[in-house]
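Enquirer: Take a look at this one; I'll ask things after.
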Amino acid sequence: MELRKIEASETILTLVINGNLDADGSRNAQPHIDEIIADKSEREIEIDFSHVQFLDSSGVGAIVYLYKRLIERQRSMRIENVSGQPLEIMNLLRIDQAIPVNSQKH
């Protein structure tokens, strides 16, 4: 799993996740998540899921952890381009009721 940060604009920071967001991927992402939380800017966080084929409970935990820490700091987050198994998991867990989730249009 690789996580790239793209400064989309002065108001949005995009995180592009390449690979599975499972136990391994979540461990790799943790330092990046902590860095984003520590960032004092007020930029919205957008997570691009277009290259994520698999999401498990560890990945869900990492996403929820990031979301909760951002909300505590009056920052917002959304998940973009979700499809396949990750979308099924997010729908099943109703993640979109807390975090805006936009699925990939085919």
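The values are calculated or read from the model by the stated rules, or taken from the named source; none is laboratory data. Everything quoted here is computed from the prediction, not taken from an experiment. Every residue, glycine among them, receives a Cβ derived from its backbone with ideal geometry; neighbour counts consider all protein chains shown. Surface accessibility is based on the protein's heavy atoms, side chains included, excluding ligands, DNA and RNA. Shrake-Rupley method; radii C 1.70, N 1.55, O 1.52, S 1.80 Å.
Enquirer: Please list, in chain and number order, the residues 5+ apart from GLU44 or on another chain whose amide H is under 5 Å from its amide H, with Hs placed from the backbone.
Expert: Excluding prolines and chain starts, which carry no amide H, the hits are ILE12, LEU13.
Enquirer: Okay, next question. When N counts the residues of the range 56-106, how does its alpha-carbon radius of gyration compare numerically with 2.2 N^0.38 Å, as a ratio?
Expert: 1.12
Enquirer: Can you give the local net charge around GLU2? Use residues other than it whose beta-carbon is closer than 14 angstrom to its beta-carbon, Lys and Arg +1, Asp and Glu -1.
Expert: Residues close to GLU2 contribute a combined charge of 0.
Enquirer: Counting only protein heavy atoms and a 1.4 Å probe, tell me what percentage of the chain's accessible area is made up of carbon and sulfur.
Expert: With neighbouring chains kept in place, the figure for the chain is 48 percent.
Enquirer: Please report the net charge: other residues with Cβ closer than 12 Å to the Cβ of THR14, K and R +1, D and E -1.
Expert: Neighbour charge sum, excluding THR14 itself: -1.
Enquirer: Under the Karplus relation 6.51 cos²θ - 1.76 cosθ + 1.60, θ = phi - 60°, what is the ordered set of whole-Hz ³J(HN,Hα) values for the range 52-63, x standing for Gly and Pro?
Expert: Once θ is set to phi - 60°, the couplings for the range 52-63 become 9, 9, 9, 9, 10, 4, 5, x, 4, x, 5, 5 Hz.
Enquirer: Before I look further, what does the range 1-40 give for accessible area per residue, probe 1.4 Å, in whole square angstrom?
Expert: Computed with neighbouring chains in place, this is 56 Å² per residue.
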